[in-house]
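The values are calculated or read from the model by the stated rules, or taken from the named source; none is laboratory data. These figures come from a predicted structure and were not determined experimentally. Cβ atoms come from the backbone with ideal geometry, glycine included; neighbour counts cover every protein chain shown. What goes into the accessible areas is simple: the full protein's heavy atoms, side chains included, and nothing from ligands, DNA or RNA. Shrake-Rupley method; radii C 1.70, N 1.55, O 1.52, S 1.80 Å.
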Amino acid sequence: MDQKNIRNFSIIAHIDHGKSTLADRILELTDTVEKREMKDQILDSMDLERERGITIKLNAVQLIYHAKDGQDYVFHLIDTPGHVDFSYEVSRSLAACDGAVLVVDAAQGVQAQTLANVYLALENDLEILPVLNKVDLPSAQPDVVKEEIENLIGLDCSDAVEISAKSGLHVDQVLEQIVHKLPAPKGNNDAPLQALVFDSLYDSYRGVIAFISVKNGTIKPKDKIRFMATGAEYEVIDVGVRTPKEVIKSELVTGEVGWVSAAIKNIEDVRVGDTITKVEQPCEVALHGYREMNPMVYCGLYPVDNARYDDLKEALSKLKLNDASLRFEPETSQALGFGFRCGFLGLLHMDVVEERLEREYNLDLIATSPSVIYHVYKTDGTMLEIDNPAALPPTQNIDHIEEPYVRAEIMVPKDYVGAMMDLCQKKRGEYIDLQVIDDLRMNMVYELPLSEIIYDFFDKMKSYTKGYASLDYHFSGYKTSALVKMDILLNGQIIDALSTIVFKDFAYNRGNAMTIKLKDIIPKQQFEIPVQAAIGGKIIARTNIKALRKNVLAKCYGGDISRKKKLLEKQKEGKKRMKKVGSVEIPQEAFMAVLSMD
Ligand code: GDP
Ligand code: MG
């Protein structure tokens, strides 16, 4: 295969604009996937992705396109997630590519993540090919949206194809434009090997599989390779590509995107962003990897069964291979025992990691309420970085606390500007700017505390604007806030894993809401359980969980064994994700109660 006939590209877009559907049509048109194996959003291969209808992981496939000029082209297509929490996946995909197909929904127009992804593509020097999708919708306005793309992004849209990824209309023209408008990879096949590791996963039989983009040189079985950052050396066993089925190849040449296996058992040897070269004829410098992503949200993860601590540790290490932005370190809780403090890019990321651990590693976990990192300045002049509310020093030792703020850009139709301002105000936002995008839309710029944004801001924004607003945000800095630690007491005992840090003026309401919520969530026991919220030892809210009156089986003495069984099973199911703390059983939802407070 001639290098000039290779095209490496990502599909980028705002969430739901049709990336995965376009990928489906491309796989169909190129006969990459047989008809009977085809299903919607086929590249969303994780169960979790299919159930939620979102792309979580990047996914690279090789396909052959017979172009109208009579030549065959090799495409490496990388589908990417659109949600802000997974932009790290996007940035890694882009580093493996030379071009990007930018999909914009012709009914919705340019959204916050459209812009964010375009900036990422430009940072990686990619050629961008705009495509208008969903022109089958009655509300589609391709001409208006083209103008918007030209004005907001500065991309020439005179040739932009108007497609329906759903029906397949004009998708063939996109394939032709990929051939003619996106560049071939520039590397040198005869130069020393230089391959970028952009993803990896752990296979229980073959060890670590590294996904690579070969920037220079070639790689084949028996090659002795070195990971430049970690210095680890291995002999290649197999190389190949995905179509999306795994296919073994005799070698990968410059410009190809595929995988390499080398019986790598030591997980730490492979780092996403590292460069692979050959031991005998190494390249001079490593490719520049990726910006390290700093987690924004932390929570504790604890096995329901304490005996599975080591399993959780191993699962986290393996999952980290496939999720380079995940962080974790051991922590202990009085209430929950031994577990890990884990760092995530956002709440959706946290949710996805927890669910992957439970499904792919068969663990039952308790996740504690999420927290941002606070800067706590003590009276002795030192500063502590606190990602766990339970670790906050006593009030008398604290001079002041700073919390992280983000700069949020919210694109919203004019009619909803008032409602959004209201929401931003409620969430302690500080107004920065209001920019006119066009006749219909505005861009609102606010600085908001990250802690307010990660909770329910996104959902609230959707309901305040009937789904018409879109949001992008970046960390902007630390600011002093009046914050206090709120403890929760069950049966008179502080449950450290339920402590949260709250804005002082919100504390009373949150304490009330939290105790009421816990009362509903925590199952009744044989005795009455007081639920209290306290700040610095002072009780600010209180309620009681009434004692249980009957046992569950008393109701079905009729001897209906199957019903009895069902009830017991249901109880067991409910027990799965519960932790006994002292004499009280606390279910998982209790730790997340703080998330849906007002
Ligand atoms: P992604 O988040 O960008 O990957 O978007 P998906 O490919 O998952 O598509 C989101 C939703 O839009 C799905 O329900 C698709 O069926 C729908 N969709 C995608 N393309 C089209 C299109 O051309 N026309 C219409 N009417 N719907 C589409
Ligand atoms: Mg998708």
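Miscellaneous remarks
- Subset of segment 16-45 (residues that are β-branched (Val, Ile, Thr) and in a helix (DSSP H, G or I)): 21, 26
- Residue count for segment 131-188, restricted to those that are within 16 Å of ligand 1 (Cβ to nearest atom) and not assigned by the TED database to the domain that holds residue 66: 0
- Selection count where residues are closer than 16 Å to residue 45 by Cα and at pLDDT 95 or above, scope segment 242-252: 0
- Checking residue 432 against (1) among the aliphatic types (A, V, I, L, M); (2) closer than 30 Å to residue 333 by Cα; (3) out of contact with any helix residue (DSSP H, G or I) (no Cβ under 9 Å at 6 or more places or on another chain), the condition it does not meet: (2)
- Any hit, segment 30-40, residues being at pLDDT 95 or above and either buried (at least 20 other Cβ atoms within 10 Å of the Cβ) or within 9 Å of ligand 1 (Cβ to nearest atom) (or both): no
- Of all residues in segment 34-72, those satisfying the criterion of being more than 19 Å from residue 169 (Cα to Cα) and away from ligand 2 (no atom under 16 Å from the Cβ) are 34, 36, 37, 62, 63, 64, 69, 70, 71, 72.
- For segment 158-179, filtering for residues that are of a type outside the set (Ser, Thr, Tyr) and either surrounded by fewer than 19 Cβ atoms within 10 Å (Cβ to Cβ) or in contact with a His (Cβ under 8 Å, 6 or more places away or on another chain) (or both) leaves 13.
- Listed by position, the strands (runs of 3 or more DSSP E) contained in segment 151-248 that have at least 2 residues being small (Gly, Ala, Ser) are 194-203, 207-216.
- Filter pass, residue 547 being modelled with pLDDT of 95 or more and not β-branched (Val, Ile, Thr): no
- Listed by position, the strands (runs of 3 or more DSSP E) contained in segment 256-339 that have at least 3 residues being within 24 Å of the chain's Cα centre (by Cα) are 257-264, 297-303, 327-333.
- Residue 467 assigned to a helix (DSSP H, G or I) and farther than 17 Å from residue 85 by Cα: no
- Single match in 358, 354 (criterion: of a type outside the set (S, T, N, Q), buried (at least 19 other Cβ atoms within 10 Å of the Cβ) and assigned to a helix (DSSP H, G or I)): 354
- Residue count for segment 443-464 satisfying the condition of being touching a strand residue (DSSP E or B) at 6+ places or on another chain (Cβ under 6 Å) and over 30 Å from residue 388 (Cα atoms): 2.
- Complete set of residues in segment 78-128 that are within 15 Å of ligand 2 (Cβ to nearest atom), of a type outside the set (A, V, I, L, M, F, W, C) and modelled with pLDDT of 95 or more: 105
- Per-region count, segment 68-102, residues more than 13 Å from ligand 1 (Cβ to nearest atom) and either assigned to a loop (DSSP other than H, G, I, E, B) or of a type in the set (D, E, K, R) (or both): 10
- Of the numbered criteria (1) out of contact with any Leu (no Cβ under 8 Å at 6 or more places or on another chain); (2) within 14 Å of ligand 1 (Cβ to nearest atom), the one residue 56 fails is (1).
- Identity of the residue in segment 370-397, among the aliphatic types (A, V, I, L, M) and out of contact with any Ser or Thr (no Cβ under 7 Å at 6 or more places or on another chain), that ends up nearest to residue 424 (Cα to Cα): 373
Here is a yes/no grid of residues against (1) charged (D, E, K, R); (2) touching a helix residue (DSSP H, G or I) at 6+ places or on another chain (Cβ under 6 Å); (3) within 16 Å of ligand 2 (Cβ to nearest atom); (4) without any contact (Cβ under 8 Å) to a residue 40 or more places away in the chain:
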{"residue": "167", "(1), (2), (3), (4)": "no, no, no, yes"}
{"residue": "172", "(1), (2), (3), (4)": "yes, no, no, no"}
{"residue": "180", "(1), (2), (3), (4)": "no, no, no, yes"}
{"residue": "183", "(1), (2), (3), (4)": "no, no, no, no"}
{"residue": "187", "(1), (2), (3), (4)": "no, no, no, no"}
{"residue": "191", "(1), (2), (3), (4)": "no, no, no, no"}
{"residue": "194", "(1), (2), (3), (4)": "no, no, no, no"}
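- Hey, residue 215 touching a residue at least 24 places away in the same chain (Cβ under 8 Å) and not assigned by the TED database to the domain that holds residue 105 or not: yes
- Picking from residues in segment 110-127 that are touching a Gly at 6+ places or on another chain (Cβ under 9 Å) and away from ligand 1 (no atom under 16 Å from the Cβ), the one that is most open to solvent (accessible area, probe 1.4 Å) is 127.
- Screening residue 348 against (1) part of a helix (DSSP H, G or I); (2) surrounded by 17 or more Cβ atoms within 10 Å (Cβ to Cβ); (3) at pLDDT 90 or above leaves a single unmet condition, (3).
- Considered as a group, the residues in segment 53-67 that are assigned to a loop (DSSP other than H, G, I, E, B) and touching a residue at least 60 places away in the same chain (Cβ under 8 Å) include one that is farthest from residue 85 (Cα to Cα), and that residue is 67.
- Members of segment 1-29 found to be open to solvent by 10 Å² or more (accessible area, probe 1.4 Å), in contact (Cβ under 8 Å) with a residue 60 or more places away in the chain, within 12 Å of ligand 2 (Cβ to nearest atom) and on the phi < 0 side of the Ramachandran plot, listed by number: 14, 15, 19, 21
- When segment 501-546 is filtered for residues that are over 12 Å from residue 484 (Cα atoms), open to solvent by less than 40 Å² (accessible area, probe 1.4 Å) and either part of a strand (DSSP E or B) or without any contact (Cβ under 8 Å) to a residue 24 or more places away in the chain (or both), the ones remaining, listed by number, are 529, 530, 531, 532, 533, 540, 541, 543, 545.
- Taking the numbered list (1) open to solvent by less than 30 Å² (accessible area, probe 1.4 Å); (2) out of contact with any helix residue (DSSP H, G or I) (no Cβ under 6 Å at 6 or more places or on another chain); (3) at pLDDT 95 or above; (4) within 16 Å of ligand 2 (Cβ to nearest atom) in turn, residue 134 passes all entries but (1).
- For segment 481-494, the set of residues classified as within 22 Å of residue 398 (Cα to Cα) and either touching an Asp or Glu at 6+ places or on another chain (Cβ under 9 Å) or open to solvent by less than 20 Å² (accessible area, probe 1.4 Å) (or both) consists of 481, 482, 483, 486, 487, 488, 494, listed by residue number.
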